[in-house]
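Taking it in order: structure first as structure tokens, then the write-up.
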Amino acid sequence: MASKGKPSPRSAVPALPDQQVALLAQRHRLVDPTRYYPTGHRTPALDEIDGQHPVGTTRLLRGVSQVVRDSCRVYAWGLERVPQTGPFITAATHVTQFDVFIPMMALFHQGRRPRYMAKAEMAHWPLIGSWFRMVGMQPVERKSGKARSIEEESISIITSGRPLTIWPEGTVTRDPLKWPMSLKPGVGFIALEASRQLGRMVPLYPSITWGAASINHKWPWPRKNVVMCYDRLLDYSDLLEDMDQWGAEPPKQSVHALCVRLRNRMEEVMAEIRGEEPPAAGYFDYVTMTRRPRSEQ
């Protein structure tokens, strides 16, 4: 079933100017995430690599990286924060479908092989569907009443020691101005419950990408700028203080609080990348398809 609402067209999104990229380069060390170990040599997670179609994944990563380089100029900062071992969650923005490939490609080039959440329909797309499954796709059957089983499988991935990537908005943002919209509660539930089962806070990193919405993929030249930030660890340890007393599942207010904290941080970082202030009228709420004051999150 198609998601409600329609994303705004590419023509509504200006390209990220070279001057803004230069300004970001003054504040951060920008690297090329389309190539291996852009922040310096790292020890790859060989168990993850060997267990996830190593030959096919390597070939696919090489092809995707070349397509991305041909379509845009990609810069990133913060990739040195990607853990070399152990489980973690990457929560990524979803401005366009193209944005899905940027953080995944970057994490693969850092020697990790996360599983990732994606709509189940993608698994059945001709050819591409088999590629998605090969590189660790975790199918999400939307509007199927299976949200809890999906969350449980995601928690199992994390508690088994594997990283997980989530696009917590659940679909491409419906904000006409393409800021992060309201998040689905799944990311909060997964992070809190996985943390309780492991007895410690699972690292949660926001990943924010901007620039791809201006690309015309039929004719991408001249290449546009795309910038990704792999942000600092999001601290939610305060929400875990009473986890031994939760009962069957994390409190809904804690799940909601974590989602609000994550969305706000995504918005802050995107504002820096874009060099713009987010809408003063508030955030875009997917449930009502309206802009609401941030105080009402």
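Results, tabulated for the structure shown:
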read-out	value
Protection proxy ranking of 203-214, 162-173, 62-73 - average other beta-carbon atoms within 10 Å, highest first	203-214, 162-173, 62-73
Rh (Kirkwood; distinct C-alpha pairs) - region 188-297, Å	16.3
Of all accessible heavy-atom area on region 223-278, the percent that carbon and sulfur account for (1.4 Å)	43
Percent antiparallel among DSSP beta bridges (both partners in the chain, rounded to 5)	30
Karplus 3J(HN,Hα) series, Hz, for region 28-41 with 6.51 cos²θ - 1.76 cosθ + 1.60 (x for Gly, Pro)	9, 8, 8, 10, 9, x, 8, 10, 5, 6, x, 9, x, 4
Residues whose placed amide H lies under 5 Å from that of Tyr75, excluding near-sequence neighbours	Val226, Val227, Met228
Å² of accessible area per residue within region 154-271, as computed with a 1.4 Å probe and no ligands counted	38
Gyration tensor verdict on the chain (Cα atoms; rounded if a/c is under 1.5, prolate if a/b is larger than b/c, oblate otherwise)	rounded
Cα-projected label distance for Asp32 with Thr85, points at 7 Å along beta-carbon direction, nm	3.1
Mean residue ellipticity (222 nm) of the chain, computed from DSSP H runs ≥ 4 via -39,500 (n - 2.57), nearest 500	-10500 deg cm²/dmol
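The values are calculated or read from the model by the stated rules, or taken from the named source; none is laboratory data. As the structure is a computational prediction, the values presented were derived from the model and not from experiment. Note: ideal-geometry Cβ built from the backbone for every residue, glycine included; neighbour counts use all protein chains shown. Each accessible area value is taken on the protein alone, full model and side chains, heavy atoms only, with ligands, DNA and RNA left out. Shrake-Rupley method; radii C 1.70, N 1.55, O 1.52, S 1.80 Å.
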